[in-house]
Each structure stands twice: as C-alpha cells, then as structure tokens.
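Asks: Dropping a structure here in structure tokens format, bear with me for questions.
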Amino acid sequence: MTVPPMLRKLADLAVKAGEETLRIRDGDMDLRHKADESPVTAADEAAEKVILAGLADLMPGVPVLAEEEAAAGRIPDISGTFLLVDPLDGTKSYIAGRDDFTVNIARIENGEPVTGVVLAPAKGWLLVGDRKAGAFQSRDGAPLEPIRNRVEDREKLRAVASLNHRDAETDAWLAAHGITDVVAAGSSLKLCLLATGEADVYPRFGPTMEWDIAAGHAVLAATGGRVLVAETGEPLRYGKVETGFLNPAFIAWAAGISPR
C-alpha cells in the first residue's frame with residue numbers, strides 16, 4: 001500500500017493549517033459567536049484561508065464547501081465532485097485548551113466521501129484515507145503507515161461517544177445494545193478511533209454538519225468501516241443542500257463489525 005501523491009499534498013496542506021491553529025492558540029483567539037450561536041475563533045478563519053488557497057492550487061476548478069465560507073453565505077455549486085473542509089472541528093475543545101480538535105479535508109464524489117485527511121495538530125496525529133489506496137496514519141511527524149484497523153479483540157462492543165454533545169438518545173441506544181464500555185472523544189477523532197480499531201461503534205443522534213464528519217468518514221471507509229443513517233440503515237450521503245448540509249442521526253461502525 002502506498003500513499004497517492006495527491007493525498008500526501010492534501011496532508012501537507014492540513015499540516016500547514018494545523019500550524020496556524022497552534023500558533024493562534026498561544027495568542028489571541030478572538031472568540032466570537034456565529035448566527036447559530038456556535039463559537040468561531042481567529043484560528044478557524046486562518047486555517048480555512050490556508051486550506052482554500054492550497055486547494056485552489058492543487059485542484060483548480062473543484063468547488064469547495066468550507067464551514068466558515070458557508071456561514072458567510074458563500075455556497076458553491078456542488079452538483080458534481082466537490083471538496084468539504086472543516087478547518088477546526090472541535091472548537092469548544094480548542095477554546096477549553098484540550099487537544100482533541102482537528103483539521104479536516106475531504107473529497108466527495110456522487111455523494112460519497114472518497115478521500116479524507118484528518119489532522120489533530122496538538123496530538124501530532126495525522127490520518128489519511130482513500131477508497132482505492134486504503135488508510136494510513138502517522139504520529140509526531142513519523143512516516144505514514146497503513147492502518148491496521150483491528151487493534152484488539154473484545155468480547156463486547158466498545159463505543160465512542162461525543163465528549164461535548166452526548167445526549168439521552170445516545171445513552172438509550174447504548175443501553176438497548178448492552179454497551180457499557182464507552183470512550184469519550186471530541187471532534188472527528190471519534191470516527192478515527194473506529195478506523196484504527198480502538199472502538200467499534202459510534203452512535204450520533206445530536207446534530208452534525210457534513211463538514212464535521214466527511215474526512216473522518218472517508219478515513220473510516222478506507223478501512224472498510226461504514227456510516228449508516230440511524231433511521232433507515234442506508235449509507236450516509238453528502239451534498240444535502242435541502243437540509244442545509246445538516247446530517248441525520250447516524251451510527252458509524254468499524255470494519256468487521258456487523259450493524260445490529
């Protein structure tokens with residue numbers, strides 16, 4: 001398994017954006033709130049600026065749907081292949097001084113996330129995935145290595161749940177499935193823990209936006225994992241203009257784990 005050149009370039013771009021988040025975290029975050037009351041900082045904006053400029057050079061002409069651009073009402077035509085960007089997922093963790101925030105870049109084809117890059121800058125953890133090439137990870141600047149997605153065998157399922165947004169529906173689902181082993185994590189790292197086999201299932205009933213999860217979904221899918229709509233069991237799709245890019249409730253499953 002080898003990392004495709006374009007995937008390496010996208011990873012390098014995420015690293016540059018991640019450097020901006022770390023630089024600003026040590027200074028003035030310029031914390032504000034958007035119209036939907038979600039927080040935004042100078043780091044969100046600076047990282048997105050780096051990514052948009054880099055994507056314009058790497059993939060000229062490919063539309064980019066980015067979180068802060070969308071918040072400003074700048075929505076491109078995404079009827080074909082497009083890119084999804086969340087420059088800083090886990091802003092609440094970022095503001096609180098925790099390390100589980102991520103930079104996310106994904107490529108979407110026919111509603112499916114086919115390429116993804118997730119970087120946790122403060123953790124030095126980089127994960128990349130492509131539906132044809134597979135998935136890879138790196139820690140602390142080491143070379144990218146293929147993800148071995150079943151780290152350990154467990155008698156009972158281990159779930160990962162949101163650190164900041166766990167709700168009663170999630171607890172009810174876990175109880176109904178007899179799951180008591182639960183790991184809490186923030187941002188798109190929850191999907192990455194499934195990709196690496198450190199957890200088996202991620203139920204999400206609270207709201208998420210497409211850019212929040214597309215890159216992590218792509219990495220998970222590159223290992224053989226799935227993200228399914230909770231109500232129907234169908235694969236989660238992207239480019240949902242009609243919902244304002246809001247995702248339905250979903251259940252994500254690691255590779256080799258059968259939905260139940």
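Just so it is clear, none of the values below were taken in a lab; they were calculated from the coordinates. Source: prediction; values computed, not measured. For neighbour counting, all protein chains shown are included, and Cβ atoms are generated from backbone atoms with ideal geometry for every residue, glycine included.
Asks: Where does the chain land at 222 nm, in deg cm²/dmol rounded to the nearest 500, when only DSSP H runs of n ≥ 4 count, each adding -39500 (n - 2.57), divided by all residues?
Replies: Calculated mean residue ellipticity at 222 nm is -9000 deg cm²/dmol.
Asks: Here's another thing I want to ask about it. Considering amide H positions built from the backbone, and no H for Pro or chain starts, which residues 5 or more places from residue 228, or on another chain, come under 5 Å of its amide H?
Replies: Those qualifying (amide H under 5 Å, at least 5 residues apart or on another chain) are 236, 251, 252, 253.
Asks: If I build a Gaussian network model for the chain, linking alpha-carbon pairs within less than 10 angstrom, which residue out of 56, 133, 176 has the largest mean-square fluctuation?
Replies: 176
Asks: How far apart, in nm, are two points set 7 Å out from the Cα along the Cα-to-Cβ line at residue 234 and at residue 99?
Replies: 4.1
Asks: Could you put 190, 123 in order, starting from the residue whose Cβ has the fewest other Cβ atoms within 10 Å?
Replies: Values: 190 24, 123 14.
Going from least to most buried by this count: 123, 190.
Asks: To continue, here is another question. Please list the non-local residues whose amide H lies under 5 Å from the amide H of residue 115, H modeled 1.01 Å from N, same-chain partners needing a gap of 5 or more.
Replies: Those lying under 5 Å, H to H, from residue 115 are 107.
Asks: Listing 217, 177 from the residue with the fewest other Cβ atoms within 10 Å to the one with the most, what is the order? Intermediate results must be reported in sequence, preceding the final value.
Replies: Details: 217 33, 177 15.
In increasing order of surrounding Cβ atoms, one gets 177, 217.
Asks: What angle do you read, to the nearest 10 degrees and between 0 and 90, between the alpha-carbon axis of helix 5-25 and the longest principal axis of the chain?
Replies: Relative to the chain, helix 5-25 is tipped by roughly 80 degrees.
Asks: Amide H of residue 82 versus every other amide H placed in the peptide plane: which residues, excluding those fewer than 5 positions away on the same chain, fall under 5 Å?
Replies: Sorted by chain and number, the residues that satisfy this are 108.
Asks: Could you compute the FRET efficiency for residue 246 and residue 142, with r as their C-beta to C-beta distance and R0 at 35 Å, rounded to 0.05?
Replies: After rounding, the FRET efficiency stands at 0.45.
Asks: Can you give me the angle between helix 210-222 and the longest principal axis of the chain, using Cα atoms only, in degrees from 0 to 90, rounded to the nearest 10?
Replies: Taking Cα atoms only, the helix is inclined about 60 degrees.
Asks: For residue 34, list the aspartates and glutamates whose Cα falls under 18 Å from its own Cα; do not include residues on the same chain fewer than 8 positions away.
Replies: Qualifying aspartates and glutamates at Cα under 18 Å: 44, 45, 48, 67, 68, 69, 86, 89, 210, 212.
Asks: Taking a cut-off of 29 Å, what percent of all Cα-Cα pairs in the chain are separated by more than that? Please report the intermediate quantities before stating the final value.
Replies: Details: 8072 of 33670 pairs.
Summing the P(r) tail past 29 Å for the chain gives 24 percent.
Asks: Moving on to the next point. Could you list the GluC sites (Glu not before Pro) in segment 112-201 that lie in coil according to DSSP, counting only those with at most 13 other Cβ atoms within 10 Å of their Cβ? Walk me through the numbers on the way to the answer.
Replies: Values: sites: 152, 155, 169, 198; in loops: 152, 155, 198.
When the GluC sites (Glu not before Pro) of segment 112-201 are filtered for loop state and at most 13 Cβ neighbours within 10 Å, 152, 155 remain.
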